[in-house]
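Heads up: the structure comes next, in structure tokens.
Derivation of every value follows stated rules applied to the coordinates shown; laboratory data play no part. Since the structure is predicted, the reported quantities are computational estimates derived from the model, not experimental observations. Ideal geometry is used to build each Cβ from the backbone, glycine not excepted, and the neighbour counts take in all protein chains shown.
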Amino acid sequence: MIYNFNIYMNFEKFKQNKDYKNKNATYLKLDEYLWNENINSNMIESSFLNLHKPFVVRNFCKDTIAVKYWNKDNINHIFDNAKFPSEIYETDDDFYSGQKKDGEYKTTLSNFIGYVYSNLKPYIYIAEVDLNEIKCDHAKIVEHIYNYNINPNVQNSLISHNMFFGHNASSNCHIHVEDNYILNQIFGEKTIFLFDYHDNNNTWSSDWLLGSIVGDDVITQCNPFSYTPNFIKNDFFSMDHSNMTVYKVTLKPGDSLFIPPHWWHATQGHQLNLSITSIYKRSDLSYLFFKPLLILIFLLKVLKYELNYTISFKTFRYYLFLFSFFFLFFFFFYSFIF
């Protein structure tokens, strides 16, 4: 098959023009380790269970079957020609920001690869797909992505694996709210921008309830009742990063990024790339202290999990409103008294 690269060459030029704004921005570096040279599984276990700052381990997952053997030519066969949900983006701006998807449809991985190399719009991105929900040989997939470098005590807290597969695709700035994540780069490269929950708050009020809800000095968080309460409203990639505290790292195949639940982050994939994000249950909730909006979103997620399958969405939103009203009322009351 002969692919027409015109549309993605045009998008790459569009992206270069957009990225020029932050050409001279100074980014901070995360702590980096090289697997089996200055970090081992016991050290990762001690840091990971109560993770408070992201770190990178180069070559951490390079010995997995996935990193060794997966590629664009065999990935469809590996997943048994299964169909994956893909996000649809109609415009260059939407695709660049990863902020406004315009729909969703299902596609096989071979059709996806053929499409992203065509001269057609809209753009598509396979993002945050829980592999447990894909109709394929799950035992084979688990074997391929299993990482023997992970300590059994950490492995026992595994919840799920999510797949991200795209061509120059982005995810806008968001926060996970709960649990610890390991982003494993399988093939291609991906750049991640990160900052701590309060890194870009420049006034004392932003550290407390009011500033967190109405918007910080630099970023504006989404309404907790929206469909994306854990995303910022801003287009992160169009913001002036020179006025912000931002860490930046680019992952290559076999590299892993460890992400705590309270760090904002946005991603940009380069060319065709695939990553697997593994989610691990976290019992240490101390990161929620002094982050009232994060506490609210966390509690709403718990409530949604408990009620989502027994009530309608309209009724669910009504319960969310009541719950949040009383939460805020008691918080203000507590703050005023004490």
Residues with amide H under 5 Å of K100's amide H, sequence separation 5 or more or different chain, H placed in the peptide plane at 1.01 Å from N; which?
-> none
Rounded to the nearest Å, what's the spacing between the alpha carbon centres of the stretch 169-199 and the stretch 264-287? Just the number, please.
-> 4 Å
3J(HN,Hα) from dihedral phi, the stretch 30-41, Karplus parametrisation 6.51/-1.76/1.60, rounded to Hz, x for glycine, proline | 6, 5, 10, 10, 10, 4, 6, 10, 10, 7, 9, 5
R0 of 30 Å, Cβ-Cβ distance D240-D179: FRET efficiency to nearest 0.05 = 0.45
Return the FRET efficiency for the residue pair D284, K100: r is the Cβ-Cβ distance, R0 is 56 Å, and the value is rounded to the nearest 0.05.
-> 0.95
Least to most buried among S46, S170, S157 (fewest other Cβ within 10 Å first) = S46, S157, S170
The stretch 74-136: relative contact order from alpha carbon pairs under 8 Å, six or more residues apart, as a whole percent, is 44 percent
